[in-house]
Amino acid sequence: MENKKTYYVTTPIYYPSDNFHVGHCYTTCIADALARYKREKGYDVFFLTGSDEHGQKIEERAKKAKVSPKEFVDPIIDNAKDLWQSLNISYDKFIRTTDAEHVACVQKVFQKLYDQGDIYKGSYEGWYCTPCESFWTESQLVDGKCPDCGREVHLMKEDAYFLKLSKYQKEFEAYLNANRDLMQPESRYNEMVNNFLKPGLKDLCVSRASVKWGIPVTFDENQTIYVWIDALTNYISALGYLSDDDSLFQKYWPADLHLVGKEIFRFHTIIWPIILMALGLPLPKKVYGHGWLTIDGGKISKSKGNYKDPREFIKDYGADTLRYYILSEVPFGSDGNFSELLMVERRNSDLANILGNLVNRTVAMTNKYFDGSVKRLKKVTDLDKEVIIDLNAMDKQVETKIEALDVPGALAVIFNNLKRLNKYIDETTPWILAKDENQKERLNDVLYLILEGIRLCAVNLKAFIPETADKIFAILNTEYQSFDYAKVGVPNFKVVKKADILFDRIDEEALKEKLSAEEEMVEEAATEAKIEHLPEITIDDFGKVELLVGQVLDCKKHPEADRLLISQVDVGHGEIRQIVTGIADYVEPEKMVNSKVVVVANLKKAKIRGVESEGMLLVGEDDELLNVLTSTCKVGTRIR
Ligand code: MSP
């Protein structure tokens, strides 16, 4: 037991989301299949997943929901765990970045890096996108907006701590040259080297003064640890690194595989290894950057109307249909398309026709001709030999594919064997053999070989579609379910009297109709949700509104109204206006200072809860966030 080889595989930790979609299931299904496979192969596996819970976005959403950030995320995390359970995800640990052990570990890591001079204090200025929690340089902006989500960005400057990535560049490059396996697949290795290493690594900002919902820096109460040191450290904090009991860390680290989406590959293959290097720890053996599941070529998202809770698919088609589609459809590393119809087509063609039919008709024939019992085969024909050679080679072939992380390839090997068995039935025509009393033994051998083939395929399928494999073992009524019995030759079969259908066929035409009806509904809802426009105005009407760019010089809470902020705004032309705005639930007054806002300058003065307001700020609000409109124009510029 003690000497078992270990295998440590991780998914990224997920941002808390109310809108989990099949894209989110992708990394996790692959990691689960690998973890299950390695367990079956006798490894001592640790499979980690979890949630990444800190940051400004959560802070703001919680504020809006009028609960604490922790109260806000708790039910979301329960929901994520429920999703993983319904997909039969066999993680060994679910880490939350709000776990006390994680928080303590991150603080110690940060302190250690600071003490040894790898983290230093500086100041950070950049264009900040609140929803994406990202700083951008001027040149990265697209039309002045966030290049990721297209929303407004704000110029922010603040004190912050930096990690000396540059110090480790040479050492890291040398390591990488000797350990090319770290970055997989090859194409992404080239991208990292050409786009990030060759131009030279820049030091990384690793703390924030402006974000309160984060892990505090122990030696500077104004700062919280920013995204990546917090998030990446989960891979070692989960194992008890720097805690009283680090036995799991001693046992499983370094990770065998971090599975990540392509957009976070850089963080895992440059920043994370350098953090580990600075800590004097071994680096992960492999990081694999996979592509995305897309719909119509675009990322899946609720706002595009192409989102469905994966549990709806699981309810309609079972967890294994979704798992099979995710695991078999997309060549690993590339993007792949997701559609419910394609998934159902694959279910019908592969799971129902190739696998399900094979099992059902073989069991039916075994019952019909031998009352469910067949003996080990005796006489092996040339045709049998061909099939046996393929079946006996399957285990190794699947293993080779898995070692190369080619999960669709592994499934293809198994399904080729299932197809071969279907062909073998056509070639041997058991129903004709059954008519001839002299062929009884041959018929026994034929059915035995097919049942054996099904059993061996189920042994190999167990990691990918576990519920189905278990059903098959139950139907075959066999105890030989592991790789210890991965060659043709187990003793007799006594199959169940009546096998349940493994996968009923779904009517594709009916589904097409259902989907187009759903699409229409989404479109109708979008039409209904369309904004009701105000009555038309002329350009002259609009011209009556005087919009000026102003800069907030000072901003305070209203002494008597929790929701109001009072800003002193320089609108140029020597004028300072006092403006009262109902945004205190969403924006810290300090964050308003210096931002360049858009002011309705000729609005009639008003007293708001006793305070005079001379104008109005333009503000936008969507489902999640409130945004004060900003401009990069000079103070006093008139907006038309
Ligand atoms: N919290 C960070 C990860 C920190 S790891 C130290 C994060 N979270 S995430 O929720 O945005 O994404 C989690 C994983 O889901 C990523 O690997 C991401 O690539 C994956 N996917 C999200 N949408 C996806 C698709 N549509 N298709 C495939 N994977 C996708 O990033």
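The values are calculated or read from the model by the stated rules, or taken from the named source; none is laboratory data. Note that the structure is a prediction, hence the values are computed from the model and not measured. Glycine gets a Cβ as well: all are built from the backbone with ideal geometry, and neighbour counts include every protein chain shown. Note: accessible area is taken over every heavy atom of the protein model, side chains too, but ligands, DNA and RNA are not part of it. Shrake-Rupley method; radii C 1.70, N 1.55, O 1.52, S 1.80 Å.
Mean silhouette area of region 183-334, derived from the convex hull of its C-alpha atoms and averaged over all directions, reads 12.9 nm².
Over region 324-390, the Kirkwood radius and the radius of gyration, each from Cα atoms, give a ratio Rg/Rh of 1.17. Taken over the C-alpha atoms, region 432-521 has Rg and Dmax values of 18.7, 63 angstrom.
How large a share of the accessible area of region 527-640, in percent, is made up of carbon and sulfur atoms when the probe is 1.4 Å and the other protein chains stay in place? The computed percentage sits at 51.
Annotation for region 496-523 versus region 256-334: alpha-carbon center distance of 27 Å. Mean silhouette area of region 1-157, derived from the convex hull of its C-alpha atoms and averaged over all directions, reads 13.0 nm². The alpha carbon centroids of region 10-55 and region 67-128 are separated by 15 Å.
Scanning the chain for GluC sites (Glu not before Pro) lying in DSSP loops with no more than 10 further Cβ atoms inside 10 Å, the longest uninterrupted stretch between such sites is 3-478. Diffusion coefficient (Stokes-Einstein, Kirkwood radius over C-alpha pairs, 4 °C, 1.567 mPa s) for region 148-233: 84 µm²/s, rounded to a whole number.
Taking a Cβ cut-off of under 14 Å around THR400, the surrounding Lys, Arg, Asp and Glu residues balance to a net charge of -1, with basic ones at +1 and acidic ones at -1.
When the P(r) of region 452-608 is calculated, the portion above 26 Å amounts to 66% of the C-alpha pairs. Per residue, the Cα convex hull of region 479-528 amounts to 178 Å³.
The portion of the accessible surface of region 200-319 made up by carbon and sulfur, rounded to a whole percent, is 51 (1.4 Å probe; DNA, RNA and ligands excluded).
Put simply, the amide H of SER207, placed in the peptide plane, has neighbours under 5 Å in TYR161, TYR226, leaving out anything fewer than 5 places away on its chain.
Karplus-based coupling profile of region 42-51, in residue order and whole Hz: x, 7, 8, 9, 10, 10, 10, 9, x, 9, with θ = phi - 60° in 6.51 cos²θ - 1.76 cosθ + 1.60 and x standing for Gly or Pro. Among the listed pairs LYS81/LYS514; LYS471/LYS498; LYS38/LYS286, give every one whose C-alpha distance is greater than 18 Å. Cα-Cα > 18 Å for LYS81/LYS514; rest within. In the assembled protein chains, LYS4 presents an accessible area of approximately 90 Å² (probe radius 1.4 Å). Electrostatic tally near VAL549: other residues with Cβ closer than 15 Å to its Cβ, Lys and Arg +1, Asp and Glu -1, net +1. Mean residue ellipticity, 222 nm, helices only, the chain: the sum of -39500 (n - 2.57) across DSSP H runs of n ≥ 4, divided by residue count and rounded to 500, is -12500 deg cm²/dmol. Solvent exposure of the chain, expressed per residue, is 46 Å² of accessible area, with all protein chains present and a 1.4 angstrom probe.
Measuring against 19 Å, Cα to Cα, the residue pairs LYS108/LYS170; LYS66/LYS157; LYS121/LYS202; LYS70/LYS121; LYS66/LYS145 contain LYS108/LYS170; LYS66/LYS157; LYS70/LYS121; LYS66/LYS145 as the ones spanning a longer distance. Taking trypsin sites (Lys or Arg not before Pro) across region 326-394, the ones in a DSSP loop with at most 12 further Cβ atoms lying within 10 angstrom of their Cβ are LYS378, LYS379.
Only beta bridges with both residues in region 157-314 are counted; by DSSP, about 60 percent of them are antiparallel. Ligands, DNA and RNA left out, the 1.4 Å accessible surface of region 402-499 is 50% carbon and sulfur atoms. If you average the alpha carbon positions of region 171-197 and of region 446-493, how far apart do those two centres end up, in angstrom? Here the answer is 41 Å between Cα centres.
Its alpha carbons give the chain an Rg and a Dmax of 30.5, 110 Å. For region 15-74, the set of trypsin sites (Lys or Arg not before Pro) satisfying both a DSSP loop assignment and a count of at most 10 other C-beta atoms within 10 Å is given as LYS66. Calculated on the Cα set of region 566-640, radius of gyration then Dmax: 12.3, 37 Å. Rounded to whole numbers, the Karplus 3J(HN,Hα) couplings from phi for region 286-293 are 8, 10, 10, x, 8, x, 9, 7 Hz, using 6.51 cos²θ - 1.76 cosθ + 1.60 with θ = phi - 60°, and x at Gly and Pro. Computed from backbone phi with θ = phi - 60° and the Karplus coefficients 6.51, -1.76 and 1.60, the 3J(HN,Hα) list for region 8-16 is 10, 10, 10, 9, x, 8, 8, 5, x Hz; x is used for glycine and proline. Only Cα sites of region 325-467 enter the Debye sum here, all with the same form factor; the resulting log10 I(q)/I(0) across q = 0.21 1/Å is -1.28, listed in q order. Helix screen, the chain: DSSP H segments with Cα axial length of 30 Å or more and mean Kyte-Doolittle hydropathy at least 0.5 are 440-461.
Checking every one of the trypsin sites (Lys or Arg not before Pro) in region 590-621 against DSSP loop status and a limit of 11 other Cβ atoms within 10 Å picks out LYS604, LYS605. Here the scattering of region 486-578 is modelled by Debye summation over its C-alpha atoms, one equal scatterer each and no solvent; at q = 0.13, 0.17 Å⁻¹ the log10 of I(q)/I(0) is -0.90, -1.00. Pair-distance distribution P(r) for region 73-159, from all Cα-Cα distances in 5 Å bins starting at 0: 3, 11, 12, 10, 12, 16, 17, 13, 5, 0 percent.
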